[in-house]
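So the structure is just underneath, and the comments pick up after that.
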Amino acid sequence: MNDDEESRLIGMLRRVLRDCGKLYQNCGTWMVRRNPTLLEGREGQFVELMDDLHRGLLIKVYVTIVRADDRWTGPEKRVAREMIEYLWGERLRGDELRAAATDLFQQADRLSWQALVAPFVRYPPLAESKAQVETIVMRLANLVAKCDGQTMPEEAVALHTLQRDIDMSLHPARPDEVLPPLPNAAPLPNAAPLPGAAPLPGATTQPNTGGSVAQQQQPKQSHQRVDASTQETSAEERQRRLVAAMNELEQLIGLDGVKERVRSYTNFLKLQQTRRDAGLSTMPISLHMTFVGNPGTGKTTVARIVGQILGALGTLPSGHVVETDRSGLVAEYAGQTATKTNKLCDSAQGGVLFIDEAYSLVDSSGDDAYGREAIQSLLKRMEDNRDSMAVVLAGYSEEMDQMIRSNPGLSSRINTTIEFEDYGAVQLAMIFESMCEQNQYNLPSDARYRILVGFQQLYEQRDRHFGNGRLVRNAFEDSVRRLADRLAETSQLSESLLTTLTVEDICMPGILQSELASSALQDRPLRYRCGGCERKVRIKPMSLGKKVKCSKCGHSQLVRWAELSE
């Protein structure tokens, strides 16, 4: 390996290491700030734990690939030296490097894939980052396997095995059986540290058989009560929080109708707050609402933003969000449901209780005593705590409408309904691109066109179970896996190969590759709206992702996506 190749390799390696640390640290901070009631133990420990877990993940990936062919080549040593400097700030050579690397191998034996990625499985708010975790793992694995310019057969097998293992750990068939409890932030007592370095945490754990995932995810009650006196902040801080929440709302792709309803809702609350501060009379406010629409349309995300808005306005003390479903409200035995529901409402005091698939609490036959008990307990808390807790019921439009109309108690307490429409092909493509940007992938024009064609076909064939954002996530993850399979046969890697999803990599759930390729060969016209003259301008597929000049007004703009015309 010449100096230029080594410099390029080290540059790509450092970016992967930083990306892994940034992902885990940002997710840890985000959970503490947005979903503190879901966390076990002290909140500060979780950020520290996430930092430790990302270090363990890097070690596990490196050792898994290096062990494959029972060799430790010069380039692999240079990778180890860079990793050790990143992990512990030690620049080692010679015998010190070998001793430290030996310790890395011993550390790796105490780490399990399930524990290293456990937060992304255990906590639903982090599920959307699973694709980023898998991408970083495979980027690092490919760099290590190909750092010496060749991929040995044993390393190729190790790459495929690693991809299978990390995929199974992130997407277990039975999470309640294989999901391990999160390890403590403290290291194993017998973990031998590197010279001058902090030891890694022990992440090897036994599967948790002490209950279902829903039960494991229930928030701790003893210390999570929100005290309004501790939530008081200055007017400037509240305004900053409100601006941040509204900016986050505006940055969401699509959802124009939802954004308008939330803006109107916010303006109403601000008006009431202003009148109250001026000593004027105010209208009674019902904070409870329903979110209706198909899966993957952003209902949970918007609920979190609404919680931030309510907290920033001072309408609620904190605005934190507690997410649950039927399993979080209904107990296993008769007479326990009311207690379980009340405990969950206690954890949501001062914030928002978001109940997904809420219609499952109502049985059309009327024979579901457990569901009725949960509803009655919930109704009482919605009335008793109407000024200190907001309840958001979410689910399919038709089922939610039937649920509200069939229960006078619900219909009298909920007067705000926000409908979430399905994403169109362009919006789905924009979500796909945002995932690419988060994971540092590029999309050439032909790949963009195939994505548009695929999403358009899925959109036209959609039913009430259309996945929307979840569908995009599956398409993205499948495309990255195809890229990984393609690169496994390539000995010479470049940054372009590692960061470009080609047209051959793009795939869509439920559409055969041959069918998708055939559809993309139909050169359907595309139209975008010119930012200069506001006209819809026709372009060719190969113009996607490039700057285009309007033939009428001469205005130039970057056209990432365009609408397919018949």
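Residue ranges 479-488, 421-430, 535-544 sort as 421-430, 479-488, 535-544 when ordered by packing (mean number of other C-beta atoms within 10 Å per residue, highest first). Remark: the range 249-305 is approximated by an ellipsoid whose semi-axes, taken from the C-alpha gyration tensor as √(5λ), come to 27, 12, 8 Å, largest first. Other residues with beta-carbon under 11 Å from the beta-carbon of residue 468 carry, at +1 per Lys or Arg and -1 per Asp or Glu, a net charge of +2. Under DSSP H, which helices of the chain have Cα atoms covering 30 Å or more of the helix axis and a Kyte-Doolittle average no less than -0.5? Flagged H segments are 43-66. Semi-axis lengths, largest first, of the ellipsoid equivalent to the range 218-420 are 28, 20, 16 Å, with √(5λ) applied to each eigenvalue of the Cα gyration tensor.
Other residues lying with their Cβ under 12 Å from the Cβ of residue 79 contribute a combined charge of 0, Lys and Arg counting +1, Asp and Glu -1. About the centre of its Cα atoms, the chain shows a dipole size close to 1660 debye [charges on the beta carbon of Lys, Arg (+1) and Asp, Glu (-1) only; nearest 20 debye]. Partner lysines whose Cα lies under 28 Å from the Cα of residue 552, excluding those fewer than 8 positions away in the same chain, are identified as 536, 540. Over all other residues within a Cβ to Cβ distance under 14 Å of residue 105, the charged ones net out to +2, with Lys and Arg as +1 and Asp and Glu as -1.
Can you give the % of DSSP beta bridges in the chain that are antiparallel, to the nearest 5?
About 40 percent, rounded to the nearest 5.
The candidate values are (i) 30.7; (ii) 35.7; (iii) 43.3; the one derived from this structure for mean projected area of the Cα convex hull in nm² carries the label (i). Amide hydrogen proximity for residue 420: with H placed 1.01 Å from N in the peptide plane, the residues at 5 or more positions away or on another chain lying under 5 Å are 292, 293. Placing R0 at 30 angstrom, the Cβ-Cβ distance between residue 243 and residue 461 gives a FRET efficiency of 0.15 after rounding to 0.05. Roughly what % of Cα-Cα distances in the range 425-564 sit above 22 Å, to the whole percent? Above the 22 Å cut-off, the range 425-564 has 41 percent of its Cα pairs. Taking 28 Å as the straight-line reach from the Cα of residue 22, the lysines in range (excluding those fewer than 8 positions away in the same chain) are 60, 77, 130, 146, 220, 299. For residue 561, nonlocal amide neighbours, meaning residues 5 or more places apart or on other chains whose placed amide H falls under 5 Å from its own, are 545. Applying 1/(1 + (r/R0)^6) with R0 = 51 Å to the Cβ-Cβ distance of residue 494 and residue 533 gives a FRET efficiency near 0.80. Farthest towards the positive end of the charge dipole of the chain, among the residues 292, 410, 531, is the Cα of 531, using unit charges on the Cβ of Lys, Arg, Asp and Glu. Calculated FRET efficiency, residue 557 to residue 332, Cβ-Cβ distance, R0 = 56 Å: about 0.45 to the nearest 0.05.
What does the extension gain come out to for residue 346 and residue 25, with contour length at 0.36 nm per residue minus their alpha carbon separation?
112.7 nm
Partners of residue 380 within straight-line reach, counting lysines whose Cα lies under 20 Å from its Cα and excluding those fewer than 8 residues away in the same chain: 340, 343. Less than 18 Å from a label point 7 Å out along the Cα-to-Cβ axis of residue 156: which backbone N atoms in the range 459-490 qualify, by residue? Answer for the range 459-490: 482-490.
Since every read-out is calculated from the coordinates, none of them should be taken as a lab result. In this text, all values refer to a predicted model and were calculated from it rather than measured experimentally. Don't worry about glycine lacking a Cβ; one is built from the backbone with ideal geometry, like all the others, and counts go over all protein chains shown.
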